[in-house]
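Just so it is clear, none of the values below were taken in a lab; they were calculated from the coordinates. A quick note: this is a predicted structure, and the numbers were derived from the prediction, not measured. Backbone-built Cβ (ideal geometry, glycine too); neighbour counts: all protein chains shown.
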Amino acid sequence: MKDYSVNFISVVVPVYNEEGCLQELIDRTLAALDGIGKKFEFILVDDGSRDTSPDIMRSASEKRPGEVISCILNRNYGQHSAIMAGFSLCRGDLVITLDADLQNPPEEIPNLVKAAEQGNDVVGTCRQNRQDTLFRRMASKVVNKVAQKATGVQMHDYGCMLRAYRLHVVKAMLQCNERSTFIPVLGNSFARNTIEIPVKHAERAVGDSKYSLWKLVNLQFNLLTCMTTAPLRILTWFGLLASGCGFLLSLYIIIRRFFIEGGDKWAGEGVFTLFAVMFVFTGIQMIGIGMIGEYVGRIYTDVRNRPRYFIEEIVGRKDEE
């Protein structure tokens, strides 16, 4: 029988301008990991912060070398690229991701470990009593529905970064070279068994969310284009529908013109109606061209095969272990 026990835990946290709550995050996460009683490494990835976050990370690594590891990227690459950089350093047989803003309490980590030891490759979480704005909650619902359709895995909260992955799933994700990466969906695509557990959710203690409206829209495009060709298929059906409507309209105009009294006059006066219909169909075509352009642009980015991140400095790693 396969052994699902967890012996070594890796926790990966992307950090971007979180000086206000970073020390509390470190203290609470270390307390939670110490309480589990297993070997662990706590990997903090600085994603180009412009405040004192890198200094706080370095100080924590110097105090507990081998356990707290600071990975400093040379600039901002985005949350998911920063997490992939952390994945490249992981050695634990269970890898847990966590946001730095403390909205997902680090005290939930033991619950993820227990769920993984029940034989699950990926442990997702569903935030209870969410403390986000109405806009953020509605945006999350849209992302979750799209992710469910793209993966076929009916998890309810893909936006929560508090998740656990078996090491073989993480290694599979690292072999994927696409630049547009949505980690929760990518992880589920390599998992045999998945589970979702409820977790607490707190208000953001310091600062504002790093996801603006534009970043949320960009995230949605990434999700659509990196995991499914469904938008292109939908546009194909739109094209067929538009063509069918155009054919029926043409047939109606011919019948009205030649077989109904006064039809010649009506046909002449209906020219603006035809223009209106044409503009609708032209709009559908432009949407289709734009969506194809999104795919082509991402293909171009992937073909260049540039690194998705560059690690400038690693502090606290003990390679001899």
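The residue pairs whose first member lies in segment 279-303 and is in a helix (DSSP H, G or I), whose second member is of a type in the set (K, R), and whose beta carbons are closer than 8 Å, counting only pairs six or more residues apart or on different chains, are R298/R179; T301/R179; D302/R179.
If you go through segment 82-98 and keep only what is of a type outside the set (A, V, I, L, M, F, W, C) and surrounded by fewer than 21 Cβ atoms within 10 Å (Cβ to Cβ), you end up with S88, R91, D93.
Just the residues that are within 24 Å of Y309 (Cα to Cα) and among the β-branched types (V, I, T), please, taken from segment 25-48. Selection gives I26, I43, V45.
The set of residues from segment 52-66 being closer than 14 Å to D27 by Cβ, surrounded by fewer than 18 Cβ atoms within 10 Å (Cβ to Cβ) and under 27 Å from the mean Cα position of the chain (by Cα) is empty. The set of residues from segment 27-51 being exposed (fewer than 14 other Cβ atoms within 10 Å of the Cβ) and part of a loop (DSSP other than H, G, I, E, B) comprises G37, R50.
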